[in-house]
1. Keeping to segment 76-87, report how many residues are more than 9 Å from the ligand (Cβ to nearest atom) and in contact (Cβ under 8 Å) with a residue 24 or more places away in the chain.
2. Quick one: which helices (runs of 4 or more DSSP H) lie wholly within segment 109-213 and hold at least 1 residues that are closer than 20 Å to Gln364 by Cα, in the same structural domain as Thr341 (by TED's automatic domain parsing) and among the aromatic types (Phe, Trp, Tyr)?
3. Just to verify a result, which residue in segment 426-451, among those that are of a type in the set (D, E, K, R) and farther than 30 Å from Thr413 by Cβ, is surrounded by the most Cβ atoms within 10 Å (Cβ to Cβ)?
4. Going through segment 293-324 one residue at a time, which ones are away from the ligand (no atom under 16 Å from the Cβ) and not in a loop (DSSP other than H, G, I, E, B)?
5. Just give me the residues in segment 654-694 being in a loop (DSSP other than H, G, I, E, B), without any contact (Cβ under 8 Å) to a residue 40 or more places away in the chain and surrounded by 20 or more Cβ atoms within 10 Å (Cβ to Cβ), in sequence order.
6. Has segment 335-348 got any residue that is away from the ligand (no atom under 15 Å from the Cβ) and touching a residue at least 12 places away in the same chain (Cβ under 8 Å)?
7. Please go through (1) over 17 Å from Pro202 (Cβ atoms); (2) surrounded by 15 or more Cβ atoms within 10 Å (Cβ to Cβ); (3) small (Gly, Ala, Ser) for Gly593 and return the number of the only condition it doesn't satisfy.
8. When the residues of segment 493-510 are filtered to those that are more than 17 Å from Lys523 (Cα to Cα) and of a type outside the set (Asp, Glu), which remaining residue is surrounded by the fewest Cβ atoms within 10 Å (Cβ to Cβ)?
Amino acid sequence: MKDNINHNDPAKDMNPQTGKGGEPQYQAGQDVPNLTTQQGVVISDNQNSLKAGPRGPALLEDFVLREKITHFDHERIPERIVHARGSGAHGYFELTESLEEYTTAKILTETGKQTPLFTRFSTVAGNKGSKDTPRDVRGFAVKIYTSEGNWDIVGNNMPIFFIQDAMKFPDFVHAVKPEPDRGFPQAASAHDTFWDFVSLTPETMHNLIWLMSDRAIPRSLRMMEGFGIHSYRLINKEGKSTFVRFHWKPKLGVQGLTWDEAVKISGADPDYNRRDLFESIEAGDYPEWEFGVQLFTEEEAEKFPFDHLDATKLIPEELVPVKIIGKMVLNRYPDNFFAETEQVAFCPSHLPPGIDFSNDPLLQGRLFSYLDTQLSRLGSPNFAQIPINAPKCPFAHNQQDGHMQMQVPKGRTLYEPQSLEPNKPRANYKQGFKSYDEQLDDGVKGRVRAESFADHYSQPRMFYRSQTATEQAHIASAFAFELGKVDTAHVRTRMLGHLINIDQELAERVAKALGMELPEAPKPSAPIQDLPTSPAVQTIGLSPKTLKGRQIGILIGEGSSREQIEKFEKAAKAAGASVKIVAPSKEAVLDEGTRVQADERIAGAPSVLFDAVVSIIMPDVAKKLANDSSALDWFNDAFNHCKAIAYCPATEKHILSKLPIEKDEFVTPLDAVDEFIENAKTRLWEREPKVRDLA
Ligand code: HDE
């Protein structure tokens, strides 16, 4: 067999872009940089390994192949044990109101200055390649590159945590992760080991009820609140301490998905939240949060009906209002996912002077864990030299050597004190980080839990009773769904007992949905208090009526009216929404003969991806779609998810008539553009009980 390979000029061989012979589209040379090895040697052929003859064995000598494959073999690093799936973005922090009275930290006293930051959002339980929309807590970690060192606010999208003491963290995580013998379920809390552990650990009740709420299935990363959770301290010039809790409040308000939507989105677009973050930044529609603080003194804290050092307790905003003092804007998507989003290393122990820790035992455990985890994940104590982790202020220390040392320290001394090199770094008592001079009790050393941490039911009760009726139904249904996946009867029964302590009616709803009897409630370890309700913990209640950040899907096809499409597109965009054109095929010819390209084919873009839908199609198209389940689901799901629908006569005649869609005020004809736009800003929750059997 004759080979037609040109050994001297592989550029003339197969074209890597087309897979056919002929000239490649790109030639290295003046415009395109040379491809080289890691050592800078220019590569002559990136298509073929070195062989002893065209059909002969490959040669060990091929350093180009070996370097390429060896690097590839090592391209993965251990993923985070929790929060493995994350999406990040660059941006800035800007202070609008100084906290000079409370702290010396420049980031909280210098107003009007933009300080760079990197934020990473994450799910907790799933692996790195898992979906974006499981029922889960979301990580909300912000690294601010302040002029006094990096400040990492490593928080979540819920203001409390499942456990009170770091000692329980590995147990908690092992319980929620895939069960060790069978290796499933992935990214899900709906299984026996999770509910077994939490039902034996009443301190988890508060975070559990948040987990059953719509906050656990956010519509967008841009529509989540963020919380530092633990109390921290601010320290002022006089050394006086004030407690603080940190808050991020999204400009777009808080919005969740319905559970049915979340389940379907995970199949339609597992990157739903990540894509939304990317697309909003690409469109210049920058995600933004207000930054707020709850400030309180030790004396005030003593009067709270809970212990603020207990991370399972929130401080109701009605009790200590959130003072807005700044903002965060995310305006740049990472250039490289691995280098930035994957390699970013957050540690709650990263703080500038003027901010300090509290004695929250969960926080204290975290201060140890994160540095340790970075060592195993990033493989070297030099992880702070990776660009995304390096401070942007001057830094100097005597730490040397180790894997992947990127710096070349100069001079003779790397120790202190020393007298040989006068310009080497020294500690600075005046500017340096000082811990708060806290007076400690002469307690007895022991493995103890404070009695003030004993109340596990009052705040979950407050949370449930603060919700709207729709939200309560979602919570009860979520409990029923999750417990319905639990095979072990005594685990379900034990959990129902806890629900009685939270709220009798909630327990009854869940028991009814499961077809179970209510057991006796466990004896609480502290009296359950009926705390005042707090509207600030709602989700639907905090969803503003707006189209900002929302997406409208417009279904078109052959012969659709350009004028009508443009009318809806214009109105939606004017109200702040983004628009995607969906069609049976990738391209269509409109009424006046122009060919348009659809953003999506209907088979690949179910209506769960949109906040409201419009249908502008001709009778022929509608007749065809009436026999296509993806089109029928498009309308049916939009209806079942309480969304606004605008329909044309052909859609009404051939499609809607086939479906159990009852026309209500959110199902409107095409001429009612303004009405549709108004409806699309929210959902018709009153429709929900008609289309779904909620618990
Ligand atoms: Fe984390 N947590 N955590 N956690 N956590 C990690 O650090 C840990 C806790 C949070 O986007 C790990 O770099 C312990 C509370 C976020 O990179 C690890 C305890 C809160 C992220 C770790 C907690 C969080 C992490 C895994 C109990 C909210 C992702 C990878 C004592 C305030 C940060 C890593 C990112 C990540 C340990 C509890 C938030 C193993 C031991 C409470 C947002 O170090």
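The values are calculated or read from the model by the stated rules, or taken from the named source; none is laboratory data. Quick caveat: nothing in here was measured; it's all calculated off a predicted structure. All Cβ positions, even for glycine, are placed from backbone atoms using ideal geometry, and neighbour counts span all protein chains on display.
1. 4
2. Filter on segment 109-213 gives 169-176.
3. Result: Arg449.
4. Hits for segment 293-324 are Leu295, Phe296, Glu298, Glu299, Glu300, Ala301, Glu302, Lys303, Lys323, Ile324.
5. Correct list: Phe666 only.
6. No, segment 335-348 contains no residue that is away from the ligand (no atom under 15 Å from the Cβ) and touching a residue at least 12 places away in the same chain (Cβ under 8 Å).
7. Single failed check for Gly593: (2).
8. Here the residue is Arg509.
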